[in-house]
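Trainee: Before I ask anything, let me first share the structure, which is written out below as structure tokens.
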Amino acid sequence: MSDSFEDKYFADEDEKDQTSITNFNQNDNESSSESEDALDKFMNDLEKDDPNKKNNKEKQIRNDIDEIDEIDSYLHLTGHDIGISNLEPHLKNENFLLQQKSEFEIEFDSDDNPIVDLKSRKKAVVPLDEVNHSEIEYFEFNKNFYQENPQIATLSDQEVKKIRNEKQIRVSAFDVPKPVLSFQQCGFSSLVLNILKKMNIVEPTPIQSQAIPAILSGRDVYGIAKTGSGKTLAYVLPLIIHCLDQPHIQKGDGPISVILVPTRELAHQVYLVTTQLAKPHNLIVKEITGGIKKYEQTKELKKGCEIIVATPGRLIDQIRLKGTNLLRCTYLVLDEADKMFDFGFESQVMSIVQAIRPDRQILLFCATTKRAIENLVRDQLADYVRITIGKVGVATQNVVQNTLIFKNIEEKKSWLFENLPNFLDSGTVLIFVTSKELSEQLAIEINDHGFRCGALHGDLSPYDRNIMVKGFQKGNISILVATDIFSRGVDIRSIKTVVNFEVARDVNTHVNRVGRTGRAGDKGVAYNLIMESESNFAAVLFHSLKLADQEVPEKLLEIAMQNKNFRKNSIQKLLSHKKKPKQTGKIKEVLDSWKEKEDLHLENEKNETEKNHLNFQKIFHSARRKGNKKGIGFSEISGRKKRKDKNDLQINIGSFRSFQNTFVSSDNLNSTSKKLEDDLKKPRKK
């Protein structure tokens, strides 16, 4: 995508250009190629007709510096400009841009974990009213465009099975179309194939190989694939054909296709990819997310468009404001549906799905499976194909993960500063931390070492976040320190190295972090920096690396063994696993050593338990021999061993048997034995 196109996206009417941004754009214009593609020409024509362009030209431009000062640029991008006095009055208010954010925007806590207050969110975001589709007369439409390529048609069942096994494709449905091996076999036009060539996309990824034929056949699709697998193109390519088959959009019509995503970052990424394919076909794409005034969006939507990329809350906003409607929608995509449900958007998503005609085509993609997602699939998808790529919750194998162990954070920093030059030789670097404070602090220290680095976290305004991402995409910032707000939804091909400076809060977040590199078949490298005290995550990471067939360091296993549950529940499984992971002989020695320790511990515990069990039986039978029948259930009237109460005896014997079957530890047994011995010594009430 050209720079001019991205500039257009970020140039909001309500956000005035500032000094450093003007210089960024000026440098970009000077370095742009003379040969423009169709999309660049189109966007340049729009800029010529833009009435605000004249005002922008009249703004004062600093010519007293030849290069952008890195520290000044960083301070500006993080919202800490010094000595700026020529801004508009409303921009001087530091809360101005924060006030522009959507009421549906996701909030994050101090560790950048999403704050999902379902009760308050239900009050703030009212789902759409239920639609009675029987009262609406819908026009007929076609959703089956697939003609199987002769080369694919001749494949036998065994050959198809082999292809799916090689690509780690699993399907669940009847009469599933065979996977394709090239985009030419999908039946796309030469125009589409040329666009893909310009995007440096040569062959379909596994999810594209199986999903595209299924979607073109008119089937609903439930796709489960890890991050960076190419899901966007899997639904955008068939979308173009679907839209072209329908009548032209008239003013006031709603979209033919709606793509719902959880965050504005992912929405923009999908918008860019979709526009690249849609614009040459004269299809209009609109991006509807928070951070932009609703009135401006309403005005644009009323002009009409074929495709909308939106977050659920803002789309509901625009439907209520009569900016758009769903009467013509026949193609619905729920991208990263699991994340939308995590953020509490379930009721909003369900109301949007219900508001669209019942015979629409639905495509649902996610990285993990959840019960709520399965319920949605069962209730709303018809004759669907379930496609699973690889193992769910496993990091991509295109990324080589290296795990390093440190004693403290200072050792981590020393290692990072020493290795950053090598990382930058292959591409940009993304560093993940868990707290906003550390992201700012670490970015400043990296800048002090002579690198161009920025920080991205939830406290930045939408404007500053967009500028930071744009600078990272263009290479103005070569290193980005980010919290987990950046772990999903952003596809930047220049990221070749990911450093997990602090461990993730769970395995899914770790998988998403690693997935920021190695996108769409590319190779990448990730470094996991673990502290010796982080045994809980070490246990989780060990399993994740093992499933991804990655190298497992001996030291990581030693730390993981400090976790009691990992040590007790997993050691036998690890030793008996059929598919051995990549490991050295020392790893096997560590496992055997811990197994011997565990077996010895269990043997001692078993001996102690048997010893106490015998003591208990001695106490029980000793009472009977000595004639102390109190509490055992025998009659005290005569010397005969006559039962006083049959039920009483059954209860005592039953309790003893229950005790035999349920005691767990020797401590419990000692306590119970002592209590029973004391009870036997007490005089029994007559």
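The values are calculated or read from the model by the stated rules, or taken from the named source; none is laboratory data. Note that this is a predicted model, so its numbers are computed, not measured. Don't worry about glycine lacking a Cβ; one is built from the backbone with ideal geometry, like all the others, and counts go over all protein chains shown.
Trainee: From A234, A225, which residue is within 17 Å of F145 (Cβ to Cβ), touching a residue at least 60 places away in the same chain (Cβ under 8 Å), buried (at least 24 other Cβ atoms within 10 Å of the Cβ) and assigned by TED's automatic domain parsing to the domain that holds C329?
Mentor: On the way: A225 fails: within 17 Å of F145 (Cβ to Cβ).
None of the others qualify; the one that does is A234.
Trainee: With (1) modelled with pLDDT of 90 or more; (2) crowded, with 23+ Cβ neighbours inside 10 Å; (3) in the same structural domain as T517 (by TED's automatic domain parsing); (4) of a type in the set (V, I, T) as the list, and V469 as the residue in question, which single condition is left unmet?
Mentor: So the condition that V469 fails would be (1).
Trainee: A further question follows. Please verify whether the range 405-428 includes one or more residues that are at pLDDT below 90, among the small types (G, A, S), surrounded by fewer than 21 Cβ atoms within 10 Å (Cβ to Cβ) and in the same structural domain as V481 (by TED's automatic domain parsing).
Mentor: Yes, that holds for at least one residue.
Trainee: Only residues that are within 16 Å of P262 (Cβ to Cβ) and not hydrophobic (A, V, I, L, M, F, W, C): list them for the range 352-370, please.
Mentor: The answer is T368, K370.
Trainee: Condition check: out of contact with any Pro (no Cβ under 6 Å at 6 or more places or on another chain) and free of Cβ contacts under 8 Å to residues at least 60 places away in the same chain. Does T509 satisfy that?
Mentor: yes
Trainee: Select from the range 139-166 the residues that are charged (D, E, K, R) and touching a residue at least 60 places away in the same chain (Cβ under 8 Å) and list them in ascending order. Break it down into steps so the answer makes sense when it comes.
Mentor: Step one: filter the range 139-166 for residues charged (D, E, K, R), giving 140, 143, 148, 157, 159, 161-162, 164, 166.
Within the range 139-166, K143, E148 qualify.
Trainee: A further question on this structure: Against the definition (under 20 Å from F145 (Cβ atoms) and either of a type in the set (S, T, N, Q) or touching a residue at least 60 places away in the same chain (Cβ under 8 Å) (or both)), how does Q269 come out, yes or no? I'd like the intermediate steps shown before the answer.
Mentor: Values: under 20 Å from F145 (Cβ atoms): no; either of a type in the set (S, T, N, Q) or touching a residue at least 60 places away in the same chain (Cβ under 8 Å) (or both): yes.
The answer is no for Q269.
Trainee: If you go through the range 156-186 one residue at a time, how many are touching an Asp or Glu at 6+ places or on another chain (Cβ under 8 Å) and within 17 Å of L233 (Cα to Cα)?
Mentor: So the count comes out to 3.
Trainee: Something else: State the number of residues belonging to the range 106-149 that are modelled with pLDDT of 50 or more, assigned to a loop (DSSP other than H, G, I, E, B) and polar (S, T, N, Q).
Mentor: Of the residues in that region, 5 qualify.
Trainee: Sticking with this one: What is the number of the single condition among (1) buried (at least 22 other Cβ atoms within 10 Å of the Cβ); (2) within 22 Å of the chain's Cα centre (by Cα) that L272 does not meet?
Mentor: (1) is the only condition that L272 fails.
This table checks each residue for (1) at pLDDT below 95; (2) over 23 Å from G390 (Cβ atoms); (3) assigned to a helix (DSSP H, G or I).
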| position | (1), (2), (3) |
| --- | --- |
| Q151 | yes, yes, yes |
| Q158 | yes, no, yes |
| K161 | yes, no, yes |
| R170 | yes, no, no |
| Q185 | yes, no, yes |
| F188 | yes, yes, no |
| V202 | yes, no, no |
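Trainee: Here is a follow-up. For the range 492-500, indicate whether the set of residues that are farther than 26 Å from E410 by Cα, in contact with a Lys or Arg (Cβ under 8 Å, 6 or more places away or on another chain) and touching a residue at least 12 places away in the same chain (Cβ under 8 Å) is non-empty.
Mentor: Within the range 492-500, one or more residues are farther than 26 Å from E410 by Cα, in contact with a Lys or Arg (Cβ under 8 Å, 6 or more places away or on another chain) and touching a residue at least 12 places away in the same chain (Cβ under 8 Å).
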